[in-house]
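Quick notes on the structure that follows.
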Amino acid sequence: MKATAKVTKKNILTAIATLIDENVAIDVDDVTVTGEDIADYISTTINQLDAKAAKAKERAAKNKAEGDEAREAVAAVLTDELQTADDITAMVDFPEVTKSKVVARLGQLVKAGVARKELVKAEDGRKLMAYAKVSE
């Protein structure tokens, strides 16, 4: 069975635009709406959707670049010795660094095979996840 593409708002608006007769006028409440008004509205809405999509791509590219930089900063402080996320967070030199951001990047590094993780027991008896660089 062939997979079908999802019908988007832009697809629907484009389809409606092809069906609109610009010479038609319809009374809605106290206002007369013409086919030209509808076509203009559809055109404006499609342009807004395109602008929104472009801005989202821009934002995604920026976030990806920042994520790459943060991942590199976390990878740079990893050693062959196991370290907890708190220890790694304290060593990472990156703007607005938080433990959750560091843990997220550590998870990416583990998934990529750059780092490994193990459950270790802290001095106070708690079990913590510790991370280390994968030995080559």
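Laboratory data are not the source of any read-out in this text; all were calculated from the coordinates shown. Keep in mind it's a predicted model, so treat the numbers as computed, not measured. With ideal geometry, Cβ positions are generated from the backbone for all residues, glycine too; neighbour counts draw on all protein chains shown.
Farthest toward the positive end of the dipole of the chain, out of Leu13, Leu128, Ala75, is the Cα of Leu128, where the dipole comes from beta carbon charges about the Cα centre. Straight Cα distances below 13 angstrom link Lys9 to the aspartates and glutamates Asp50, with same-chain residues fewer than 8 positions distant left out. For the listed residue pairs Lys64/Lys127; Lys10/Lys55; Lys64/Lys111; Lys52/Lys99, the alpha carbons are over 20 angstrom apart in Lys64/Lys127; Lys52/Lys99.
By the gyration tensor of its Cα atoms, with a ≥ b ≥ c the square roots of the eigenvalues, what is the shape of the chain: rounded for a/c under 1.5, prolate for a/b over b/c, or oblate? Let's see the in-between values first.
Details: a/c = 4.00, a/b = 3.46, b/c = 1.16.
In terms of gyration-tensor shape, prolate.
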